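Have a look at the structure below before the remarks.
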Amino acid sequence: MEAAAPYNPAEPGPAANSVELTVTSPEQMRELGRRLAKLLRAGDLVVLSGELGAGKTTLTRGLGEGLGVRGAVTSPTFVIARVHPSPAGGPPLVHVDAYRLGGGLDEMEDLDLDVSLPESVIVVEWGEGKVEELTEDRLRVGIHRAVGDTTDEVRQVTVTGLGARWAGAGLSALSA
Ligand SMILES: Nc1ncnc2c1ncn2[C@@H]1O[C@H](COP(=O)(O)OP(=O)(O)OP(=O)(O)O)[C@@H](O)[C@H]1O
Ligand SMILES: [Mg+2]
C-alpha cells in the first residue's frame, strides 16, 4: 500500500499537482464535475474519497453530464459498477462504488476494470487502497465537509493529479 501524500500548499513536492476548492452547494458540486469532465479522456482513472454523504456521487453525476453519457448516475444499491455509454462516440463512464467491497482485491478483479480502462473514464467511489494497481496515473479527489459549517452544504475538495498523465496538466482550470 502506498501512503497518501498529504497536501501541503507550501511544499507541493515534485510530483504533486493539486488544487483545493471550496464548494458551497450540491449544484456547484455537479458543476465541478462538469468542468472536471472536460479534462478527462479515455484511460483516465478518478478515485473519489470522502465520508458518507460527502458528495462523491453528486460530483460523478456532473461528470456524467459533462461527458455526455447515457443514463442517470445514481448511488447503486446492489450494483457495484455501472457502465454509462456515450452516444456521442466519447469514452463511456464506468462508475464504481467500492463501498461494499471488502479490502480483498478479488471482487475488484472480477470487474475487469483493467480491460475497460483503456477505452473508458473510470470513477471509483471509496476506491482508495483498492484500485491503485490499475495505473499510476490517476486523479485523486477528496471531498470533506468544511469544519464548522452549520449548513452542511460546504465542502472542501482537493483534486490531486498523480503520475505522468497529470504532471503539468492544468488543474487550475477547475477553479474557474
Ligand atoms: N456542497 C455539496 N456538495 C455535494 N453534496 C452536497 C453538498 N451540500 C449538500 N449536499 C448533499 O449531500 C448529499 C451528498 O450525497 P452523495 O450521494 O453525493 O454522497 P456520497 O459521497 O456519494 O455518499 P456515499 O458515501 O453514501 O456514496 C446529497 O444529499 C447532497 O444534496
Ligand atoms: Mg455515493
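Here are the numbers:
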item: Residue satisfying all of: in the stretch 99-142; acidic (Asp, Glu) and within 16 Å of ligand 1 (Cβ to nearest atom); most open to solvent (accessible area, probe 1.4 Å) among these; result: GLU128
item: Residue satisfying all of: in the stretch 30-45; open to solvent by less than 20 Å² (accessible area, probe 1.4 Å) and in contact with a Lys or Arg (Cβ under 8 Å, 6 or more places away or on another chain); nearest to VAL123 (Cα to Cα) among these; result: LEU45
item: Residue satisfying all of: in the stretch 122-141; within 14 Å of ligand 2 (Cβ to nearest atom) and not in a loop (DSSP other than H, G, I, E, B); nearest to ALA42 (Cα to Cα) among these; result: VAL123
item: Output for the stretch 49-72, where each listed residue is touching a residue at least 60 places away in the same chain (Cβ under 8 Å) and not in a helix (DSSP H, G or I); result: SER49, GLY50, GLU51, ALA54, GLY55
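Residues are listed down the side, and each one gets a yes or a no for (1) touching a helix residue (DSSP H, G or I) at 6+ places or on another chain (Cβ under 8 Å); (2) hydroxyl-bearing (Ser, Thr, Tyr); (3) free of Cβ contacts under 8 Å to residues at least 12 places away in the same chain:
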site	(1), (2), (3)
THR74	yes, yes, no
SER86	yes, yes, no
ASP112	no, no, yes
SER116	no, yes, no
VAL124	yes, no, no
GLY129	no, no, no
ARG140	no, no, no
THR150	no, yes, yes
GLY161	yes, no, no
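The values are calculated or read from the model by the stated rules, or taken from the named source; none is laboratory data. For clarity, every value in this text was computed on a predicted model and none was experimentally measured. Please note: Cβ atoms are built from the backbone with ideal geometry, for glycine as well, and neighbour counts cover all protein chains shown. Accessible surface areas use protein heavy atoms only, side chains included; no ligands, DNA or RNA. Shrake-Rupley method; radii C 1.70, N 1.55, O 1.52, S 1.80 Å.
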